[in-house]
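The values are calculated or read from the model by the stated rules, or taken from the named source; none is laboratory data. Source: prediction; values computed, not measured. Every residue, glycine among them, receives a Cβ derived from its backbone with ideal geometry; neighbour counts consider all protein chains shown.
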Amino acid sequence: MAKYGMVIDLQKCAGCAACSIACKNENNVPDGIFWSHYITETRGEFPKITYTYISTLCNHCDVAPCVDACPVDPKAMYKQDDGITMHDEDSCIGCRACENACPYGVIYYNERGVAPFENWQSGEAAALTEKVGGTVIPYYNPDRAITYAGIRRENKVEKCTFCDHRVINGESPYCVVACPADARIFGDLDDPNSEISQLLSSNDSTVLLPEAGTQPNVYYIHRFDVKE
Amino acid sequence: VEMPQEVQGLAAGEWVPSGCLGCTSWCAKEVFVVDGRAIKIRANAGSKVHGGNDCPRAHLAIQQVYDPDRIKQPMKRTNPRKGLDEDPQFVPISWDEAMDMLADKVMELRENDETHKFVLFRGRYTNINDLFYSSLPKIIGSPNNISHSSICAEAEKFGPYYTQGYWNYRDYDVANTRYMICWGVDPLCSNRQVSHYLNAFGGMLKNGVRIATVDPKYSNTAAKSEVWMPVKPGQDGALATAMAHVILSEGLWSREFVGDFTDGSNHFIPGQDANEADFEEIYSHGVVKWWNLELKDRTPEWAEEVCGVDADTIRKVAVDFASEAPHVMVFMGGGSNMQVRGAYNSMAVHALNGLVGAAENKGGTITGRSARLGSLPKPDDYMDEMATTNSKQKKIDQRGYLEFPALKDGKSGGGVVTNRVADAILMEDPYLPKVGIGYFCNFNYSCPEASRWHEAMSKLEFYAHCVTHYSEMSHFADLLLPSTHHMFEQMSSAAQKGNSFTHLWIGGRAIDPVYDVKNPESEVPWMLAEKMAERGFSNLMDFLKEFKDPETGQAPGNGIELETNAFKILTEPIWNPDAYVEAGNHGDSFDAWEAFLAKGIWNSDEYEFKKLWGKMPTATEKFEFYSETLKEALEGHAEKHGVTADDVLEACKYGESKGERAFVPHYTPPFMHGSEQEYPFAFIDCKSHMAREGRSSNCSWFQEFKDVDAGDMKWGDCIKLNPADAAALGLEDGELVRVVSPTGEAVTTLKTWSALRPGTASKTYGQGHWAMGHVAAEDFVGRKSRGANNNDFMTADYERLSGSTAFYGSFRVRIEKV
């Protein structure tokens, strides 16, 4: 069984957010929720300025605080054998313990009593979806429903799954495909010959919040701003 | 490896070729269609320009086509009063009624022999636009086809034209470059071939290519640069001439391209004239004149004071750049030249490419190779006497007036002065147009001092607007003719260059039109032709019937057949092997129309470096540092008006550019609207990563990721100041402020951003829509905008030699508490 992880090459990353938009597209992610996102920071005093853009997503941690925190039995937030931290939307009770436990802020909650994609639920918007044959949204991607709720319900959390529905079909996560800079490398950390393993063995890498002890599986190499 | 049991496969769909006109990159795309629904976009990997690389904003097109705020059927205005505060009271009508109304108005012009009062406004377009944009007005009898070109980048083309005879955007051979200067451009965000550069930069950095960025704003490109030179807004000319000074005085110019002093020593001694007779020039013209007239005193120390970049940095970048030459480039965007006094900056910045032999060279700035395409039918035989006579009337944009030379391709009045049309209408000079059609354009939003357009469009007797969304310009229309989306609902094609290739993409109708919408470039003229024929004027229909299917010889029977035939005629030398040979084409060839359409992409052969050396289309056939070409053009324009070239320059706000200096790239202080005392901040207008040319802000993904523009905010709009400046004004991050210029004001949110030079204020273009829809506007029904549009406070002014509208380096503002 593979153990999946990702390397993000910050030197290649151009800070364009194509990954994050493509993720919304692939996973039918509503407004206000970000499975793929970024942390940006402008440092220094004019004119000695640097800017960094760090792409973020679920780190699929080996020691996953979200899984520990999930009170449901069996757990709604759980680790798959392939290392993916997965979520069972059906058994999720919306307690948000995982969201609170995650040090990275990458788990999002669909408010109780508010239908996801609420503005698509009525009027001309709903008529459009019906006319073109979508589900809730006209550009609904049916692939997402292969392994997970196609669109998550109210009072449920949701987060990045490394596009597990694509991975089991032999495809890379959609952010990897959509990245114009080839900055994202996805693969098997347990395979020493995989591109990701090779990159990690030949480059210094960092993870976010190493002190949190979560043992993340999303690694960063190089620097975004060449002046850093 | 253990395989999971019975995994459900991914959706069966089809990737259908298409292309994107969301910015001027014009990338080849594919649309993923599942059960008749378009759900994803990706690059057409067959393009040699960008390969499989995408950009962020291409994806937004999905939210544009499936937008419940689109105009769903034709609408007519029922409130005859026009104005910003008038509710047009649009009501739905049929296409039949809509086209009756339009045809009646056009026929009225013909009955009154005033067909020149017809105007066609064009914004974005596809390859067949000549049919609608160029031929239709001529057949009706009007000279007035007005494009958006001069609110885009004409000043950017001015420098390359008046040095090397090329009035177009350049391509940049980044794959082979050693040193890149990005000047007034952020290729990772805007300008051209963004998808290509988003990919290429990583490889360049890995290969040790050095990048320097000249831009008043910090950008992702600046982050990827070893040097950021935050030039003061409008002072690019000082920096460029100082760099040229260093390159010559340090002896770093290209001996191969420019030549050398006959005695082999360097006589470019700061502060001293050199002797022209001592220099043997090869592929360039006038380098010694340039030195003597302008450069000899332009030391980095002089420039430091003027442009705000320290002398050591200027010297270092000039030396590093020239030392890596000739496989280096200055990538010039609009920032340095779409300024009131930007023409000479454009020349000075581009001339650096000439000095080091990078123009038309490997790893340098190149001009690209176009496909040889077929010709659409010409209108001439269908222009009756009235049309022939009236189409010779003056165009309504005042091009060619003394103060608007618009010297495109060297001709007085050769180019468009788009933004001047509003004033021309208000002044009724040369005359007041009466009936207009506009498509894929929104000048009431995209042109500085937009309020003039509100007044001007209110004055137009009848206006039909072809757009996908209700936009600011639609508010003043009599008819709304809803348009197909170019990526999905119609056939489209466009060509663009990048990566030293040119591609031409084509895409058919990938999905059924979502609403009752029509292609403005083919279906609308067809329906208008039908209606005019019913009224006894069949010339337009007779002309359209000439668009015969090249394979069957069949004339089109409807607008969609016209659409297909036009693209087939245009691209025949690509897909028809006989026509390919006859046209002497290069690059990919196909054996049938269907084969071309199925692949959706044509690639040129690779660019041939140095081919134009000694054969530049200038007056001297050389790269002109002393522009004989500009001398001819300026003197020609002066003669037409019975004045001198100096008088022309005075009228064009270049009062300090006189005599011989007018023919060399030179420094002139920027013309700024607003005094420093009253308006303390030099304004920097920026482009957004998310903007599909001002049309994507009704996509929620635009709003969700708006903060990818550094320092900006999601679902909002802001003006940015250096924290020290904000503190001095007693303003806090996040509070609402009023931005005031000499001609307008707007309210937006203040954000502090340490990357800004004190004394400058920066704001990204793209928000501030009060139209477009419920996402773009804060209150769509109440016409309340989300934030502010830069064009609400930027003054309408021009780089007049090119006809361009000024967007940069020409404006000052003050910021007040609300």
In segment B:481-501, the residues that are in contact with a Cys (Cβ under 8 Å, 6 or more places away or on another chain) and either hydrophobic (A, V, I, L, M, F, W, C) or part of a helix (DSSP H, G or I) (or both)
B:LEU481, B:MET487
Could you go through segment B:446-462 and let me know if any residue there is part of a strand (DSSP E or B) and either touching a helix residue (DSSP H, G or I) at 6+ places or on another chain (Cβ under 6 Å) or outside the structural domain of B:ARG800 (by TED's automatic domain parsing) (or both).
yes
Residue that is nearest to B:ARG170 (Cα to Cα) [pool: residues in segment B:485-509 that are crowded, with 24+ Cβ neighbours inside 10 Å and more than 22 Å from the chain's Cα centre (by Cα)]
B:GLY507
Can you give me the number of residues within segment B:674-728 that are of a type in the set (D, E, K, R) and without any contact (Cβ under 8 Å) to a residue 24 or more places away in the chain?
3
Among (1) within 14 Å of another protein chain (Cβ to nearest Cβ); (2) surrounded by fewer than 24 Cβ atoms within 10 Å (Cβ to Cβ), B:GLU256 falls short only on (1)
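Conditions (1) under 30 Å from B:GLY368 (Cα atoms); (2) surrounded by 15 or more Cβ atoms within 10 Å (Cβ to Cβ); (3) in contact (Cβ under 8 Å) with a residue 40 or more places away in the chain, marked per residue:
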residue	(1), (2), (3)
B:ARG42	yes, yes, no
B:GLY51	yes, yes, yes
B:LEU60	yes, yes, yes
B:GLN63	no, yes, yes
B:ASP69	no, yes, yes
B:LYS76	no, yes, yes
B:VAL91	no, no, no
B:ASP96	no, no, no
B:ALA103	no, yes, yes
Go through the residues of segment B:678-686 one by one and say whether even a single one is within 10 Å of another protein chain (Cβ to nearest Cβ), among the hydrophobic types (A, V, I, L, M, F, W, C) and either within 19 Å of A:PRO30 (Cβ to Cβ) or in contact with a Gly (Cβ under 9 Å, 6 or more places away or on another chain) (or both).
no
Counting only residues that are closer than 14 Å to B:GLU305 by Cα and within 22 Å of the chain's Cα centre (by Cα), how many does segment B:216-234 have?
2
Regarding segment A:44-51, can at least one residue be identified that is free of Cβ contacts under 8 Å to residues at least 60 places away in the same chain, at the interface with another protein chain (Cβ under 8 Å from one of its Cβ atoms), surrounded by fewer than 20 Cβ atoms within 10 Å (Cβ to Cβ) and not in a loop (DSSP other than H, G, I, E, B)?
yes
Just need a number here: residues in segment A:154-194 that are over 16 Å from A:TYR219 (Cα atoms), away from chain B (no Cβ under 12 Å), over 17 Å from the mean Cα position of the chain (by Cα) and in contact (Cβ under 8 Å) with a residue 12 or more places away in the chain.
2
Could you check, for segment B:701-712, whether at least one of its residues is out of contact with any Gly (no Cβ under 8 Å at 6 or more places or on another chain) and away from every other protein chain (no Cβ under 11 Å)?
no
Please specify each residue of segment A:15-26 satisfying the condition of being at the interface with another protein chain (Cβ under 7 Å from one of its Cβ atoms), within 12 Å of A:TYR38 (Cα to Cα) and of a type outside the set (Val, Ile, Thr).
A:GLY15, A:CYS16, A:ALA17, A:ALA18, A:SER20
Taking segment B:139-155, which residues are in contact with a Lys or Arg (Cβ under 9 Å, 6 or more places away or on another chain) and under 27 Å from B:LYS217 (Cβ atoms)?
B:HIS148, B:SER149, B:SER150, B:GLU154
Here, strands (runs of 3 or more DSSP E) confined to segment B:39-145 with at least 3 residues that are within 14 Å of chain A (Cβ to nearest Cβ) and not hydrophobic (A, V, I, L, M, F, W, C) are none
Exclusive hit being farther than 26 Å from B:SER47 by Cβ and among the charged types (D, E, K, R), set B:ASP171, B:ASP215, B:ASP130, B:ASP186:
B:ASP215
Within the bounds of segment B:646-653, is there any residue that is over 30 Å from B:SER500 (Cα atoms), touching a residue at least 12 places away in the same chain (Cβ under 8 Å), acidic (Asp, Glu) and in contact with a Leu (Cβ under 7 Å, 6 or more places away or on another chain)?
no
